[in-house]
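To start, the structure itself, in structure tokens.
The values are calculated or read from the model by the stated rules, or taken from the named source; none is laboratory data. The structure displayed is predicted, hence computed values, not measured ones. As a convention, Cβ positions derive from the backbone with ideal geometry for all residues, glycine included, and neighbour counts pool all protein chains shown. Remember, those area values only see protein heavy atoms, side chains included, never the ligands or the DNA or RNA. Shrake-Rupley method; radii C 1.70, N 1.55, O 1.52, S 1.80 Å.
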Amino acid sequence: MAELAELEDPKTREVNEKHGDDHGVNLSKLRALAKRLKTQQELASRLWETDDTAARLLAILICRPKAFERDELDVMLREARTPKVHDWLVNYVVKKNPHSEELRRAWSADPDPVVASAGWALTTERVAKKPEGLDLTGLLDAIEAEMKDAPDRLQWALNHCLAQIGIEHAEYRTRAVDIGERLEVLKDYPTSPGCTSPFAPVWITEMVRRQHDK
């Protein structure tokens, strides 16, 4: 904890707080610290219990993703107060855990939109890597019904899933683009030069073009 405190930088914190992340540790330095510590499950658990954002990010980097029980991960996700901790927990831990599919189903239907966004992030991963058994028509129906009025985190996750379906599955592409065009979610999102807009019709079209160019 003392070492993390030494890595704290006020300017980094200022930038992070604009995104809802209350820590000031440069992530490259955090990763270097994690590399030095290597995998330590017990230390990871103790760091998580501090409720400190930088400590929790470090915990995620040094834990053993497959060591967590289903209920443990459910509690941890609900405790993850900041966007970065939430995202890293889902991407670096839950996706590698044997209970990920069970949690995907449970979280997708959760009344808490932040928890539901984790379920949809896991669904997006399956759309891309393991779509067998997924009801893609049903997913598009749900996205069409919920995305327009969903809170920010959930809306972003639904939009990502919509784009992924359109990119990966040609037979659903026209419908995915049509949903995006009608709902206009993230249509005016500010996009830096050289970056692809998160507006689903633009995102789908650009990624499909790149696949063809390969």
Mean-position separation - Cα centroids, the stretch 45-78 and the stretch 133-177, in angstrom: 29 Å
Whole-number D in µm² s⁻¹ for the stretch 1-91, Kirkwood Cα-pair radius fed into Stokes-Einstein, 10 °C, 1.306 mPa s: 120 µm²/s
Accessible surface of the stretch 76-214 [probe 1.4 Å, protein heavy atoms]: carbon and sulfur percent: 51 percent
ALA142 versus LYS38: modelled label distance in nm, points set 7 Å from Cα along the beta carbon direction: 4.1 nm
For Cα extents along the principal axes in Å, calculated from these coordinates, the label among (1) 76, 42, 40; (2) 53, 39, 36; (3) 55, 54, 41: (2)
FRET E, pair THR196, GLU102, Förster distance 30 Å, beta-carbon r, rounded to 0.05: 0.40
Charge tally in the Cβ shell below 15 Å around ASP52, where Lys, Arg are +1 and Asp, Glu are -1, ASP52 excluded: -4
Qualifying lysines (Cα of each under 18 Å from Cα of LYS95; at least 8 residues distant if same chain): LYS66, LYS84, LYS129, LYS130
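Which FRET efficiency, nearest 0.05, do GLU49 and ALA170 yield, Cβ-Cβ r, R0 45 Å?
Computed FRET efficiency for GLU49 and ALA170: 0.45.
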Å³ per residue enclosed by the Cα convex hull of the stretch 142-185: 56 Å³
Neighbour net charge for LYS148 - beta-carbon separation under 12 angstrom, K R +1, D E -1: -2
Packing-based order for 140-146, 207-213, using average beta carbon neighbours within 10 Å, highest first: 140-146, 207-213
Charge tally in the Cβ shell below 13 Å around TYR172, where Lys, Arg are +1 and Asp, Glu are -1, TYR172 excluded: -4
